[in-house]
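Have a look at the structure below, then the notes.
The values are calculated or read from the model by the stated rules, or taken from the named source; none is laboratory data. Computed from a predicted model, the values in this text were never measured in an experiment. Heads up, the Cβs are rebuilt from the backbone with ideal geometry, glycines too, and the neighbour counts pull from every protein chain shown. When the accessible area is computed, the model is the full protein with side chains, heavy atoms only, and any ligands, DNA or RNA have been set aside. Shrake-Rupley method; radii C 1.70, N 1.55, O 1.52, S 1.80 Å.
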Amino acid sequence: ADVVKRCPHHQSEDMSENKSHLIRVEGSQLAQYFEDPYTKRQSVTVPYERPQLGSEMTTILLSFMCNSSC
């Protein structure tokens with residue numbers, strides 16, 4: 001029921017606009033990060049990109065910015 005965000009320690013070290021987001025998309029400049037103004041829940045969207053020629057799928061790389069040990 002609680003909103004999950006990055007720990008204060010790692011947020012303070014990050015200079016990006018989305019430093020509180022726990023999940024980040026790697027390798028896409030088109031990713032958009034959102035935070036609901038009422039619930040404070042965060043989300044990220046990535047536009048669909050066609051697979052490269054000869055491939056049947058597209059890979060989206062996600063990074064978890066904090067570990068459970070934080």
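Which residue is nearest to the chain's Cα centre (by Cα), if the candidates are limited to region 1-34 and must be charged (D, E, K, R) and open to solvent by less than 80 Å² (accessible area, probe 1.4 Å)?
At the first step, the residues of region 1-34 found to be charged (D, E, K, R) are 2, 5-6, 13-14, 17, 19, 24, 26.
The next check asks that each one be open to solvent by less than 80 Å² (accessible area, probe 1.4 Å); those that pass are 6, 14, 24.
Numbers: ARG6: 11, ASP14: 14, ARG24: 2 Å.
Filtering first and then ranking leaves ARG24.
For region 35-70, enumerate the residues that are open to solvent by less than 80 Å² (accessible area, probe 1.4 Å), of a type in the set (S, T, N, Q) and under 21 Å from ALA1 (Cβ atoms).
THR39, GLN42, SER43
Under 7 Å by Cβ, and 6 or more places apart or on different chains, what pairs join a residue from region 25-49 that is over 13 Å from LEU62 (Cα atoms) and charged (D, E, K, R) with one that is open to solvent by less than 80 Å² (accessible area, probe 1.4 Å) and not in a strand (DSSP E or B)?
Close Cβ pairs satisfying both conditions: LYS40/VAL3; ARG41/VAL3; GLU49/THR58.
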